[in-house]
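Report on the structure given below.
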Amino acid sequence: MSERLALPRHGEEIVRHFQATCAAAGLKVTPQRLAIYRELVQAEDHPSAEMLFGRLRPAMPSLSLDTVYRTLATLEKNRLIQRVQTVQPQTRYEADISRHHHFICRCCARVVDFAWPALDQLTMPAEVDLFGQVLSHTVTVTGICQACRTTAANGPAIKENEPCQPH
């Protein structure tokens, strides 16, 4: 069975969790790191570095986009967060590092987490073992979310590899 990591979502719980995880990894807890991590924990949209910068800059005027990128790289390297592979040019991030998969709408770029325990229990094909050692695996499903499908229902049908209008 796949178990989801229960991340704290509010206030002091986030701070305590982050401080303990940083201490175990030998990282300093800086205001920037804490703010970025807190935003990732609370965000449900798997934000990019640019999105995080836009959200945090009003409260932290000295924050730079470079600091956001460096912080995300540090947090990812220390397994506090993970990147979400999308078809968009901007990398997206999340604080949920438990085993799960993603549905990505190719119209609006919305990313939604889902669990797939049956898939997680499958054994890798033998040819994968011949290629190398598997450290992790996730599935990314691309499609069109219900909101975009509803919008498209009023227009022409959406076909594979054709552009569509986000909701």
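For region 56-86, which residues satisfy the criterion of being buried (at least 16 other Cβ atoms within 10 Å of the Cβ) and either in contact with a strand residue (DSSP E or B) (Cβ under 9 Å, 6 or more places away or on another chain) or within 20 Å of Val111 (Cα to Cα) (or both)? Of everything in region 56-86, those that are buried (at least 16 other Cβ atoms within 10 Å of the Cβ) and either in contact with a strand residue (DSSP E or B) (Cβ under 9 Å, 6 or more places away or on another chain) or within 20 Å of Val111 (Cα to Cα) (or both) turn out to be Leu72, Leu75, Leu80, Ile81, Gln82, Val84, Thr86. Scanning region 44-55 for residues that are modelled with pLDDT of 95 or more and exposed (fewer than 14 other Cβ atoms within 10 Å of the Cβ) yields Glu50, Gly54. Against the definition (under 25 Å from His17 (Cβ atoms) and part of a strand (DSSP E or B)), how does Tyr69 come out, yes or no? Here the answer is no, as Tyr69 does not meet what is asked.
With respect to the conditions (1) hydroxyl-bearing (Ser, Thr, Tyr); (2) in the same structural domain as Ala49 (by TED's automatic domain parsing); (3) assigned to a helix (DSSP H, G or I), Thr86 falls short on a single one, namely (3). Applying a threshold of 7 Å to beta carbon distances and a minimum spacing of six or more residues, or different chains, the list of pairs starting in region 111-140 at a residue that is in contact (Cβ under 8 Å) with a residue 24 or more places away in the chain and outside the structural domain of Arg79 (by TED's automatic domain parsing) and ending at one that is basic (Lys, Arg) and part of a loop (DSSP other than H, G, I, E, B) reads Ala115/Arg4; Asp120/Arg99. The residues on offer are Thr91, Thr140, Thr123, and the sole one that is surrounded by fewer than 13 Cβ atoms within 10 Å (Cβ to Cβ) and either touching a Cys at 6+ places or on another chain (Cβ under 7 Å) or of a type in the set (Ser, Thr, Tyr) (or both) is Thr123.
The values are calculated or read from the model by the stated rules, or taken from the named source; none is laboratory data. Model, not experiment: these values are computed from the prediction. So basically every Cβ, Gly included, is an ideal-geometry build from the backbone, and we count neighbours across all protein chains shown.
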